[in-house]
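Report on the structure given below.
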Amino acid sequence: MPTTWKDYIESTADVLRGKPRIKNTRIPVALVIGYLADGYSADQIIAEFPDLTTESIAACLDYARELADFEVAA
């Protein structure tokens with residue numbers, strides 16, 4: 001079974017006001033996506049946030065892809 005973003009990302013009301021974050025951290029998905037958008041490599045992001053892995057960074061992209069693919073039912 002392939003790994004999905006659900007293996008790495010969680011959202012609970014008591015941490016970061018429910019914003020999606022990397023599991024077992026307070027690192028928001030939006031922060032990781034922002035670093036990627038600014039041109040940082042996974043290695044550079046991990047250097048800034050050692051709790052992250054290449055898999056958790058890829059999970060952020062998978063999460064963003066799923067959000068971008070969302071369609072509202074007519």
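Using θ = phi - 60° and the Karplus relation 6.51 cos²θ - 1.76 cosθ + 1.60, list the HN-Hα couplings for the stretch 64-71 in order, rounded to whole Hz, with x at every Gly or Pro.
5, 4, 5, 5, 5, 8, 5, 10
Looking at the chain, which GluC sites (Glu not before Pro) are in a loop (DSSP not H, G, I, E or B) and have at most 16 other Cβ atoms within 10 Å?
Listed in order of number, the matching sites are Glu71.
Kindly write out, for the stretch 12-19 in residue order, the coupling ³J(HN,Hα) from the Karplus curve 6.51 cos²θ - 1.76 cosθ + 1.60 (θ = phi - 60°), rounded to whole Hz, with x marking Gly and Pro.
10, 4, 7, 10, 6, 6, x, 5
Considering only protein heavy atoms and a 1.4 Å probe, what is the carbon-and-sulfur percentage of the accessible area of the chain?
Carbon and sulfur together cover 55 percent of it.
The values are calculated or read from the model by the stated rules, or taken from the named source; none is laboratory data. Just so we're clear, the structure is a prediction, and the values are computed from it rather than from any experiment. Methodologically, a virtual Cβ is constructed for each residue, glycine included, from the backbone with ideal geometry; neighbour enumeration extends over all protein chains shown. These accessible areas exclude ligands, DNA and RNA; they are computed on the full protein's heavy atoms, side chains included. Shrake-Rupley method; radii C 1.70, N 1.55, O 1.52, S 1.80 Å.
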